[in-house]
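Next up is a structure, given as structure tokens.
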């Protein structure tokens, strides 16, 4: 008859074996939702090509950054992507890019997408009220701004969210329908 100690040890070894199998066989625990960009690395400077075309913004090309994601959480139906600058507008924040209704089958947004090109996703309204990417714009006399690129996995079917949502309106719609989000932060100026 097994003792309490034998039962505890048996459970421990079984759990350890299962955990090892998951971790080292490419199981769910080893594959975490992650994002990355070829446009900039987390914590590093962002190239002026992503800045606005105005001289005060750095005379950039206004190119949206590349972003890709992998290992979406189970149940993901669509994604939303944001580029925000919490330092912008004198500390009240600026929304540079709002993209949503992205099907879970899509794995990246290429650099240089400014608006809705093929109907496979929706570009919302930036701080200026434009349905487009708004180039980065830290004033020359300011400290570097922190630009946050965020991808959110949602349970909302692609195409269900209305056209023309701002970041704040989209966040209200996403409440209770998000699975996980990941961000990287780059500096400009």
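The values are calculated or read from the model by the stated rules, or taken from the named source; none is laboratory data. These figures come from a predicted structure and were not determined experimentally. Reconstructed Cβ throughout: ideal geometry from the backbone, glycine too, with neighbour counts over all protein chains shown.
Of the conditions (1) out of contact with any strand residue (DSSP E or B) (no Cβ under 6 Å at 6 or more places or on another chain); (2) modelled with pLDDT of 95 or more; (3) loosely packed, with under 13 Cβ neighbours inside 10 Å, residue 2 fails just one. Which one is it?
(2)
Separate question: For the range 107-116, state whether one or more residues are touching a strand residue (DSSP E or B) at 6+ places or on another chain (Cβ under 7 Å), in the same structural domain as residue 42 (by TED's automatic domain parsing) and part of a strand (DSSP E or B).
So far as the range 107-116 goes, yes, one or more of its residues are touching a strand residue (DSSP E or B) at 6+ places or on another chain (Cβ under 7 Å), in the same structural domain as residue 42 (by TED's automatic domain parsing) and part of a strand (DSSP E or B).
Here are the criteria: (1) within 25 Å of residue 52 (Cβ to Cβ); (2) assigned to a loop (DSSP other than H, G, I, E, B). Tell me which single one residue 176 does not satisfy.
Every listed condition holds for residue 176 apart from (1).
Which ones in the range 67-77 are in contact with a strand residue (DSSP E or B) (Cβ under 7 Å, 6 or more places away or on another chain), over 20 Å from residue 163 (Cβ atoms) and not in a strand (DSSP E or B)?
71, 72, 73, 75, 76
How about the range 78-99: which of its residues are buried (at least 19 other Cβ atoms within 10 Å of the Cβ) and in a loop (DSSP other than H, G, I, E, B)? Before you say what the answer is, go through the steps one by one.
The first filter runs over the range 78-99 and keeps only residues buried (at least 19 other Cβ atoms within 10 Å of the Cβ), leaving 78-85, 87-88, 94-99.
The answer is 87, and nothing else.
Could you look through the range 141-166, keep only residues that are within 13 Å of the chain's Cα centre (by Cα) and crowded, with 19+ Cβ neighbours inside 10 Å, and pick out the one that is nearest to residue 88 (Cα to Cα)?
147
Looking only at the range 60-70, filter to residues that are surrounded by fewer than 16 Cβ atoms within 10 Å (Cβ to Cβ) and closer than 17 Å to residue 32 by Cβ; which one of those is farthest from the chain's Cα centre (by Cα)?
If we take residues in the range 60-70 being surrounded by fewer than 16 Cβ atoms within 10 Å (Cβ to Cβ) and closer than 17 Å to residue 32 by Cβ, then 70 is farthest from the chain's Cα centre (by Cα).
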